[in-house]
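The next block holds one structure in the form of structure tokens; read it before the comments.
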Amino acid sequence: MMRYRNIGGFAIAAAAILFALASLSYSRADEDDEAPIISRGATVLRDATGRAVIAIEPPIQKQIHLATKTLPPIERPIEARAYGKVLDPVPLSKLNADLSGAEAMVEAARAQFLRSRRLYTEQANVSLREFQTAQATYLTDKARLQTLEQQLRDNWGAEIAQRSSRSRAELVSALIDRREAVAQVTVPAGEMTRWIPAEAEVYILGNEAHPLITSAVYSAPSVDRRMQGQSFFLLIRAEAIPAKPGSAISATLIAAGKGRRGVIVPRSAVVRYAGDAWVYEALDANRFTRRKLAAVQALREGYFVGEGLKPGTRVVTSGEQTLLSEELKGQIVPED
């Protein structure tokens, strides 16, 4: 009989303990309604401007492998990306041959005109008709030469048009032999500022590891109808990698003079959210906030940022995805 009484007393005591624990849990739940959202050791708060700030203690930082880096100042040349192709040199070769022939005809016609004018003036066996015919031939040949020279400027730009006949012939020979190439590249509309490139780094599609050497960069006389941006002609030395006509190329156009000051953000520090690029800035050892990146330029070593992030800013380079997750959890409003 005593044994059954002990069992019953034990059951009553256990029930009382469970009731007390449930009451304590309910009381704490009421208190947590006003407390910051805490998930896996991270506390999401709001500063005076309403910006989310994530506070996370060092032991939790170690668990999620959180790491930061201070961004040093850097100066980058002003650059723009352009895209295009290697041009076929055959039209230039034909135009150059026509020009050479026209130049020879003009020289001969001019000599005949001057001779006829002198003889006619001296009344030395040259009639007025012969003099006028020589003059008309000279003017016609000269007009044709001028038309071809204008065509050269319109199609191939000032850099080639200003060359001497000999220099132009040497260039055409190098183009036909594929020792050199002419490429037209275009900076997409809206991305180019009012500066003229001083040099360019050029890559043929599929050979990005081997940049080509450019000997000249100058404004193209026409616009690519497909891209409708700012176009440039590039004279390329192609001894190492033959630049075949029609080859797709990309180019980094570089401005002369001083560059832009800013910082380079490591690729590992960038998170993508809502269609934009962000980084987490370390406000101190335990607090972090998300910053939007503006005017970003992609580079091999990361992203160049000229505005918004000052040199000396410390950004998260590992664990940033966890911070984003915690921040988004902090935006969830519990249902009643």
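The values are calculated or read from the model by the stated rules, or taken from the named source; none is laboratory data. A quick note: this is a predicted structure, and the numbers were derived from the prediction, not measured. All Cβ positions, even for glycine, are placed from backbone atoms using ideal geometry, and neighbour counts span all protein chains on display. Calculation scope for accessible area: heavy atoms of the full protein, side chains included, ligands and nucleic acids excluded. Shrake-Rupley method; radii C 1.70, N 1.55, O 1.52, S 1.80 Å.
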Here, trypsin sites (Lys or Arg not before Pro) of region 183-257 satisfying both criteria (DSSP loop; at most 15 other Cβ within 10 Å) are 194, 225, 226
Cα gyration tensor category, rounded, prolate or oblate, for region 191-269 with a/c compared to 1.5: oblate
Relative to the present Cα-Cα distance, how much length would full extension add between residue 284 and residue 248 at 0.36 nm per residue of separation? 8.2 nm
By the Cα gyration tensor axes a ≥ b ≥ c (a/c under 1.5 gives rounded; else a/b larger than b/c gives prolate, otherwise oblate), the shape of region 82-153 is prolate
Rounded to the nearest 0.05, what FRET efficiency do residue 225 and residue 298 give with R0 = 35 Å and r taken as the Cβ-Cβ distance? Could you check? 0.85
For the pair residue 216/residue 149, report the inter-label distance in nm, with labels modelled 7 Å from Cα in the Cβ direction. 1.6
Residue 329 accessible area, assembled protein chains, probe 1.4 Å, Å²: 80
Modelled label-to-label distance, residue 314 and residue 142, 7 Å Cα→beta-carbon offset: nm? 7.8
In nm, to one decimal, how far is the modelled label at residue 97 from the one at residue 256, with both set 7 Å along Cα→Cβ? 3.7
If you keep only loop residues by DSSP, which GluC sites (Glu not before Pro) in region 218-310 have at most 14 other Cβ atoms within 10 Å of their Cβ? 239, 301
For a Förster distance of 30 Å, can you work out the FRET efficiency between the beta-carbons of residue 76 and residue 170, rounded to the nearest 0.05? 0.25
